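**Student:** Right, I'll just put the structure down here and ask away after.
The values are calculated or read from the model by the stated rules, or taken from the named source; none is laboratory data. Here the structure is a predicted model, which means the values were calculated and not measured. FYI the Cβ positions are ideal-geometry reconstructions off the backbone, even for glycines, and counts take in every protein chain you see. The accessibility values were calculated without ligands, DNA or RNA, using every heavy atom of the protein model including side chains. Shrake-Rupley method; radii C 1.70, N 1.55, O 1.52, S 1.80 Å.
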Amino acid sequence: MDTMAQEIHDGPEAGTLTDGFHLIIDALKLNDIKTIYNVPGIPITDLGRYMQAEGLRVLSFRHEQHAGYAAATAGYLTKKPGICLTVSAPGFLNGLTALAHATTNCFPMILISGSSEREIVDLQQGDYEEMDQLAIAKPLCKAAYRVLHAEDIGIGIARAIRAAVSGRPGGVYLDLPAKLMGQTMDAEAGAKSLVKVIDAAPRQLPAPEAIARALKVLKGAKRPLIILGKGAAYAQADDDIRALVEKSGIPFLPMSMAKGLLPDTHPQSAGPARSLVLKESDVVVMIGARLNWLLSHGKGKSWGDQPKQFVQIDIEPKEMDSNVEIAAPVVGDIGSCVSALHEAMGKDWTPPPSEWTELVDSKKQANLDKMAPKLQNNNVPMDYHGALGALRTIIKERPDAILVNEGANTLDFTRSIIDMFQPRKRLDVGTWGVMGIGMGTAIAAAVETGKPVLAIEGDSAFGFSGMEIETICRYNLPICVVVFNNNGIYRGTDVNPTGGADVAPTVFVKDARYDKMMEAFGGVGVYATSPDDLTRAVNEAMDSGRPTLVNAVIDEKAGTESGRIGNLNPQSVVAKK
Ligand code: ADP
Ligand code: TPW
Ligand code: MG
């Protein structure tokens, strides 16, 4: 071997060069980043190519918003930042919705966008895709950084990772100007400039007095309730949470994405008695859940007249008292807080009075009994209960499958009908109730876990990300999309009151065949009109792992305005025509 080859073989020597492209890749790899959710173009096309050549998995989407939702989902499922890579201005803006979504939901992700020449952008001289991206991103994410020099790439990426996952997780923007990629530096110095982030999300132990205070409040409760949120699911402290809940004997209510943290069939689950427990409880322990609109801000009619005290476990101190007084704030990471509380309960803990748990049980049983016959119906066209009765059995038989869910009625009925059995298996519209998360979320779920994915989608909801079924087919992902096709938003029955040619604003093409879209890309398309059709098609898809789209025909009269949140619509004083 000649000396030159020897040098290269032995690693970078003085005199060997590296560049921005490779420093970015090396920095990501050093920090165990494995997958990039991407849409190519100037100035990041070659970055994507080099990434693939260097062993990163680069998945290209058809629109940055869906690459972004995929990255956000990857962050939620893995506790490592999901990475979305986009071009400048329009690509960046397309990714920004997902970055804001990640921040709102406390999911760690990094949006990396290429950007134009600083000098030209700052003088507003009209560069290709000119935009001051850093300034625009700042208010929409947890942190935003720009790297101008190759020697700062290591630090820039380390800061982005730490900002995304430490404390309350969130979205981070990383601006990488085109010029940076081609900058060269000595390879050895470059390697030394990289940073491996040590203990990116440090544990945060709760103060002992905070635990004592929480226990005191809890011991005074006659009708206690535990509310589990998606922060609790995110924390991956599943065993600790289960141990605390079971030791306490307190009924628990899972928020949407916390379903399955303990099985919905668990004897302490109060899901089917939601209204009762919110109204009647006297002490509520919030674990990784916020008292935002999804819980009516902790006050008002749905919380009843019963005076309440709140215990809140959260990593973000500013969350305390955000809507109502928190009697016992417990600030720290959920694993540490939950195990400290569990330990403090000790041997002399007494479970809640049986009058309370029996009241919850009987309400729960009554509601389940009321629901059961509806789920058996075989109506054609299907209603939500008939269709979901079929899909509910499939998830029960395949508890490790991941359920993705969006829509209005399609969302609300699915959430209440389909029981979940394992943590982090239900992924949905999150804090904003955003439409369009469907296909990006399904793709990341399949990619990050390798498990089969069932996406239950309203026909409107599906439309926001429908083109990504090409991405699903291209990467041959085990995703079965069921489109609940009721010809529109909420219902398909609205009419234009003027009698004009345009259909009503909530109505789509009647009897559209979404199944044929999937066939166009080589996937399996199925047209289903009955619960039996649906069962057959979805089971086959889940067994084969082939990309499948089932167009499930739903009675266009079956839904209600805005699903279960119609009360949030403002009302006009002028009567509707
Ligand atoms: P949900 O919508 O399910 O009620 P939210 O998204 O409103 O849940 O609340 C999640 C909460 O969990 C946030 O306030 C966030 O700060 C908190 N959180 C996230 N991860 C952790 C963690 N590891 N430890 C403690 N709290 C966490
Ligand atoms: C980004 C507003 C909430 S729910 C919904 C829309 C458009 C669609 C409901 O119809 P779908 O479900 O999906 O067919 P179903 O079963 O009731 O018929 N834009 C964004 N986010 C939201 N939430 C909306 C619009 C909306
Ligand atoms: Mg619909």
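**Student:** Can you give me the angle between helix 20-30 and the longest principal axis of the chain, using Cα atoms only, in degrees from 0 to 90, rounded to the nearest 10?
**Tutor:** Taking Cα atoms only, the helix is inclined about 50 degrees.
**Student:** Accessible surface of Thr350 in the full protein assembly, 1.4 angstrom probe, to the nearest 10 Å²?
**Tutor:** 100 Å²
**Student:** In addition: Enumerate the residues in segment 419-452 having an amide nitrogen under 16 Å from the point lying 7 Å beyond the Cα of Ser60 toward its Cβ.
**Tutor:** Output list for this probe position: empty.
**Student:** Suppose the Debye formula is applied to equal point scatterers at every Cα of segment 25-127; what is log10 I(q)/I(0) at q = 0.11, 0.14, 0.18, 0.22 Å⁻¹?
**Tutor:** For the requested q values the scattering log ratios are -0.32, -0.51, -0.81, -1.10.
**Student:** Could you tell me which of the pairs Lys196/Lys259; Lys370/Lys577; Lys80/Lys138; Lys279/Lys451 are separated by over 28 angstrom between their Cα atoms in the structure shown?
**Tutor:** The answer is Lys196/Lys259; Lys370/Lys577; Lys279/Lys451.
**Student:** Using a 1.4 angstrom probe with every protein chain in place, what is the largest-first accessible-area order of Asp515, Asp419, Asp543, Asp132?
**Tutor:** Order by accessible area, largest first: Asp543, Asp132, Asp419, Asp515.
**Student:** What list of ³J(HN,Hα) values in whole Hz, one per residue of segment 550-561 in order, does the Karplus curve 6.51 cos²θ - 1.76 cosθ + 1.60 (θ = phi - 60°) give from phi, with Gly and Pro shown as x?
**Tutor:** 9, 8, 9, 6, 10, 3, 5, 8, 6, x, 10, 3
**Student:** Magnitude of the Cβ-charge dipole of the chain, K/R +1 and D/E -1, about the Cα centre, nearest 20 debye? Mind dumping the intermediate values first?
**Tutor:** Numbers: 58 positive and 68 negative charges, 435 e Å.
That gives a dipole near 2100 debye.
**Student:** Probe 1.4 Å, all protein chains in place: accessible area of Lys138 in Å², nearest 10?
**Tutor:** The accessible area of Lys138 comes to roughly 110 Å².
**Student:** Further question on the same structure: So for the chain: antiparallel DSSP bridges make up what percent, rounded to the nearest 5?
**Tutor:** Given both bridge residues lie in the chain, the antiparallel proportion sits at roughly 5 percent.
**Student:** Separate question: Using a 1.4 angstrom probe on the protein heavy atoms only, line up Val482, Val573 by accessible area, largest first. Could you put the intermediate results ahead of the total?
**Tutor:** Values: Val482 0, Val573 150 Å².
Descending accessible area places them as Val573, Val482.
**Student:** Given charges of +1 on the Cβ of Lys and Arg and -1 on the Cβ of Asp and Glu, with all other atoms neutral, how large is the dipole of segment 3-193 about its Cα centre, in debye to the nearest 20? Each step should come with its number before you reach the end.
**Tutor:** Values: 16 positive and 21 negative charges, 239 e Å.
Result for segment 3-193 is approximately 1140 debye, rounded to the nearest 20.
**Student:** Further, regarding this structure: Which value, in debye to the nearest 20, gives the size of the charge dipole of segment 345-388 about its Cα centre, when Lys and Arg are +1 and Asp and Glu are -1 at the Cβ?
**Tutor:** In debye, rounded to 20, segment 345-388 gives about 140.
**Student:** What number, rounded to the nearest 500 deg cm²/dmol, is the helix-based mean residue ellipticity at 222 nm of the chain, given -39500 (n - 2.57) per DSSP H run of at least four residues and division by all its residues?
**Tutor:** -12000 deg cm²/dmol, from helical runs alone.
**Student:** I'd like the accessible area for Trp432: 1.4 Å probe, protein heavy atoms, all chains in place, Å² to the nearest 10.
**Tutor:** Roll a 1.4 Å probe over it and Trp432 shows about 130 Å².
**Student:** Out of the GluC sites (Glu not before Pro) in segment 502-566, which ones are loop residues according to DSSP with at most 16 other C-beta atoms within 10 Å? Numbers along the way, then the final one.
**Tutor:** Values: sites: Glu519, Glu540, Glu556, Glu561; in loops: Glu556, Glu561.
Of the GluC sites (Glu not before Pro), the ones in loops of segment 502-566 whose Cβ has at most 16 other Cβ atoms within 10 Å are Glu561.
**Student:** May I ask you to compute the full-extension gain from Asn292 to Ser354, defined as 0.36 nm times their residue separation minus their alpha-carbon distance, rounded to one decimal in nm?
**Tutor:** Extending this stretch completely gives an extra 19.3 nm.
**Student:** Can you tell me the 0 to 90 degree angle between the C-alpha axis of helix 531-544 and the longest principal axis of the chain, rounded to 10?
**Tutor:** 30 degrees
**Student:** In nanometres, what is the gap between the two model label sites at Ser275 and Lys79, each 7 Å from Cα along Cα-to-Cβ?
**Tutor:** Here the modelled spin labels are 3.9 nm apart.
**Student:** With unit charges on the beta carbon (Lys/Arg positive, Asp/Glu negative), name the residue among Val277, Gly499, Thr560 whose Cα is farthest towards the positive pole of the charge dipole of the chain.
**Tutor:** Of the candidates, Val277 comes out farthest on the positive side.
**Student:** With label points built 7 Å along Cα→Cβ from the Cα atoms of Thr45 and Lys557, find their separation and express it in nm.
**Tutor:** A separation of 5.5 nm, rounded to one decimal place.
**Student:** Angle, helix 334-345 long axis vs. longest principal axis of the chain, Cα atoms, 0 to 90°, nearest 10?
**Tutor:** Between helix and principal axis, roughly 40 degrees.
**Student:** How big is the Cα convex hull of segment 3-193 in projection, averaged over all directions, in nm²?
**Tutor:** 10.4 nm²
**Student:** A follow-up question, please. Rank Ser193, Gly95, Phe310 by how far each Cα sits towards the positive end of the charge dipole of the chain (+1 on Lys, Arg Cβ; -1 on Asp, Glu Cβ) and give me just the farthest.
**Tutor:** With unit charges placed on the Cβ atoms, the residue in question is Phe310.
**Student:** Whole number please: convex hull volume per residue, Cα atoms of segment 376-553, in Å³.
**Tutor:** For segment 376-553, the hull spanned by Cα atoms encloses 111 Å³ per residue.
**Student:** A further question follows. Going 7 Å from the Cα of Gln236 in the Cα-to-Cβ direction, what parts of segment 54-82 have a backbone nitrogen less than 13 Å from that spot?
**Tutor:** 74-82, by backbone N distance to the label point.
**Student:** Something else about it: Hull surface divided by four, with the convex hull built on the Cα atoms of the chain: how many nm²?
**Tutor:** Result: a mean projected hull area of 31.6 nm².
**Student:** In addition: In the chain, what percent of the accessible surface is made up of carbon and sulfur (1.4 Å probe, ligands and nucleic acids excluded)?
**Tutor:** So the carbon and sulfur contribution to the accessible surface is 53 percent.
**Student:** Using 0.36 nm per residue, how much length does the chain from Ala243 to Val495 gain when fully extended, once their Cα-Cα distance is taken away?
**Tutor:** Going from the current span to full extension adds 85.4 nm.
**Student:** I would also like to ask the following. At 1.4 Å probe radius, can you tell me the per residue accessible area of segment 3-193 in Å²?
**Tutor:** With the other protein chains kept in place, segment 3-193 gives 39 Å² per residue.
**Student:** Moving to a separate point now. Suppose each label sits 7 Å from its Cα in the direction of the beta carbon; what would the Ile198-Asp511 distance come out to in nanometres?
**Tutor:** For the pair Ile198/Asp511, the computed spacing is 6.8 nm.
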